[in-house]
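Just below is one structure, and these are the notes that go with it.
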Amino acid sequence: MADTSTGTASPAPAYPMPRATGCPFDPAPELLTQRERGRLVRVRLWDGSTPWLVTRHADQRALLLDPRVSADFTKPGYPLQTARTEDDPDDIGFITMDDPEHARLRRMVTAPFTLRRVEALRPGVQQIVDDLIDGMLAEPGPVDLVRAFALPVPSLVICALLGVPYEDHDFFQEESRTLIRLNVPRKEQTAALDRLVAYLEKMLDDKAEHPAEDLLSDLAARIATGELTREGAARIGVLLLIAGHETTANMIALGTAALLAHPEQLALLRDTDDPEVIAAAVEELLRYLTIVHNGRRRAVLADIEFAGEVIRAGEGLILPNELANRDPDVFPDPDRLDLTRGNRRHVAFGFGVHQCLGQPLTRMELQVVYGTLYRRIPALRLATAAERLPYKHDGSIYGVYELPVTW
């Protein structure tokens with residue numbers, strides 16, 4: 001087919017593109033080359049469809065604000081990652097809905113993620129981090145930082161916030177991994193989602209009988225008033241449970257791997273307790289790593305004239321975070337990790353009405369982790385060769401499966 005962005009006859013490249021084999025923290029080289037083809041370029045998906053790839057930071061932000069662009073994956077032209085079946089759910093939480101329903105449901109769970117409420121949690125998160133580091137230091141080493149630290153920190157926090165027993169973390173972490181892996185058959189993913197929904201429905205029933213100061217109790221109360229169905233509340237719970245631990249856990253481990261590969265940057269964190277320096281470092285690591293690597297996806301509801309093209313109703317958009325976060329027009333020398341960069345314009349949390357609800361909590365957790373781990377274990381180092389680290393090339397959330405460390 002013709003490449004409508006350039007007028008040439010070259011075929012649209014397949015998407016997603018394989019990650020870099022050189023630096024494991026960089027986007028796929030083939031993806032970066034698409035930026036040279038234009039602001040909007042066609043790519044080819046598994047089903048032969050050719051949505052538009054949006055390659056520039058400013059363009060992604062503009063389109064994510066456009067009301068003609070929909071997050072609803074049931075709309076015509078939405079660039080699905082796999083084929084849908086009649087057994088698939090119509091929604092997996094409010095992130096795949098448009099306003100006004102998206103806004104109505106989102107408002108129900110906003111309160112615990114406000115800056116004031118999140119800051120009140122900081123001492124408790126600090127205690128969790130210190131206790132886990134104490135546990136690691138009590139071991140002879142080496143230890144797997146993923147299992148011993150990166151997973152438990154956000155899991156303990158989101159379990160307390162939701163009101164889910166941490167004792168069940170092995171169950172929901174395993175089901176979460178099934179849902180976010182790209183090479184798992186859709187039938188298995190649907191079954192994993194069903195199990196998580198059933199688990200959360202039982203938890204909601206328990207909260208209705210024995211309410212507490214947690215989010216599931218709040219959702220159970222809304223079921224009682226008719227604002228939510230039992231299944232709808234459970235799906236919101238699943239969304240928060242997965243988002244609350246998977247993304248942060250991967251940022252902790254992958255961020256540590258990146259810092260160990262850049263010792264001069266690690267030293268900046270290891271040798272400071274300045275909150276502003278630590279906060280700036282968190283923002284740069286979020287930009288540099290961009291762990292969500294399946295491309296933010298949207299459907300177009302009405303024709304849009306944009307960047308010299310007409311994006312037609314019924315066409316799809318893919319807006320890769322990692323392209324926006326490596327845009328040299330916004331981030332000079334974008335492939336360099338620079339913890340002093342001081343630029344918070346990254347889109348690691350998305351942009352617009354669907355911007356990540358939990359970003360204040362994620363930022364706070366990462367500030368505590370990055371501001372504590374390397375100061376308390378200044379000799380932290382890999383316990384294996386860097387090239388042997390098992391990276392998550394098979395998932396929509398990038399990270400490392402294991403991170404053996406010692407000191």
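The values are calculated or read from the model by the stated rules, or taken from the named source; none is laboratory data. Small disclaimer: the values here were computed from a predicted structure and weren't measured. Cβ placement follows ideal geometry from the backbone for every residue including glycine, while neighbour counts extend to all protein chains displayed. Only protein heavy atoms, including side chains, enter the accessible area calculation; ligands, DNA and RNA are left aside. Shrake-Rupley method; radii C 1.70, N 1.55, O 1.52, S 1.80 Å.
Add -39500 (n - 2.57) for each DSSP H run of 4 or more in the chain, then divide by its residues: what number comes out at 222 nm, to the nearest 500 deg cm²/dmol?
On the way: 13 runs with 183 residues, N = 407.
Helix contribution divided over all residues of the chain: -14500 deg cm²/dmol.
Would you work out the charge dipole size for the range 240-342 about its Cα centre, treating the Cβ of every Lys and Arg as +1 and the Cβ of every Asp and Glu as -1, and quote it to the nearest 20 debye? Provide the component values of the computation, followed by the final result.
On the way: 9 positive and 18 negative charges, 89 e Å.
Roughly 420 debye for the range 240-342.
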Inset, instruction - Starting from the Cα of Asp99, step 7 Å along the direction of its Cβ; do the same at Ala379; then give the gap between the two resulting points in nm. - result: 5.6 nm
Legend entry - Whole-Å distance, taken between Cα centres, linking the range 214-271 and the range 139-167: 12 Å
Legend entry - 3J(HN,Hα) from dihedral phi, the range 294-309, Karplus parametrisation 6.51/-1.76/1.60, rounded to Hz, x for glycine, proline: 9, x, 5, 10, 8, 10, 9, 8, 8, 4, 10, 7, 7, 6, x, 10
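Give the ranking of Glu188, Glu101 by solvent-accessible surface, highest area first, calculated with a 1.4 Å probe.
On the way: Glu188 100, Glu101 75 Å².
Reading off the accessible areas and sorting them downward yields Glu188, Glu101.
Can you tell me the length gained on complete extension of the stretch Ala14 to Ala313, counting 0.36 nm per residue apart and subtracting the Cα distance?
Values: separation 299, 0.36 × 299 = 107.64 nm, distance 2.21 nm.
Length difference between fully extended and current span is 105.4 nm.
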Inset, instruction - For Val184 paired with Asp168, estimate the spin-label separation in nm (one decimal), with each label point 7 Å from Cα along the Cα-to-Cβ line. - result: 1.7 nm
Inset, instruction - Between Thr82 and Glu213, take the C-beta separation as r, use R0 = 51 Å, and let me know the FRET efficiency to the nearest 0.05. - result: 0.85
Legend entry - Segment Arg147-Arg388, length gained on full extension (0.36 nm per residue, minus Cα span): 85.0 nm
Legend entry - Extension gain from Cys23 to Asp271, taking 0.36 nm per residue of separation minus the Cα-Cα distance: 86.7 nm
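Taking a temperature of 25 °C and a viscosity of 0.890 mPa s, what whole-number D in µm²/s does Stokes-Einstein yield for the chain with Rh from Kirkwood over alpha carbon pairs?
Values: Rh = 22.2 Å.
The calculation lands on 111 µm²/s.
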Legend entry - Under-5 Å amide H pairs with Trp52, H placed in peptide plane, nonlocal only: Gly316, Leu317, Ile318
Inset, instruction - For the range 279-287, take each phi angle, set θ = phi - 60°, evaluate the Karplus expression 6.51 cos²θ - 1.76 cosθ + 1.60, and give the result in whole Hz per residue in order, putting x for glycine and proline. - result: 4, 5, 5, 4, 4, 5, 5, 4, 5
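Can you bin the range 224-337 into rounded, prolate or oblate? Criterion: square roots of the alpha carbon gyration tensor eigenvalues sorted a ≥ b ≥ c, rounded for a/c under 1.5, prolate for a/b above b/c, oblate for the rest.
On the way: a/c = 2.94, a/b = 1.29, b/c = 2.29.
Oblate shape, in that a/c is at least 1.5 and b/c is the bigger or equal ratio.
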Inset, instruction - With N set to the residue count of the range 35-127, report its C-alpha Rg divided by 2.2 N^0.38 Å to two decimal places. - result: 1.47
Legend entry - Under the Karplus curve 6.51 cos²θ - 1.76 cosθ + 1.60, θ = phi - 60°, whole-Hz ³J(HN,Hα) for the range 180-188, x wherever Gly or Pro sits: 9, 7, 6, 9, 8, x, 4, 4, 5
Inset, instruction - Ignoring everything but the protein chains, give the 1.4 Å probe accessible area of Phe149 in square angstrom, nearest 10. - result: 0 Å²
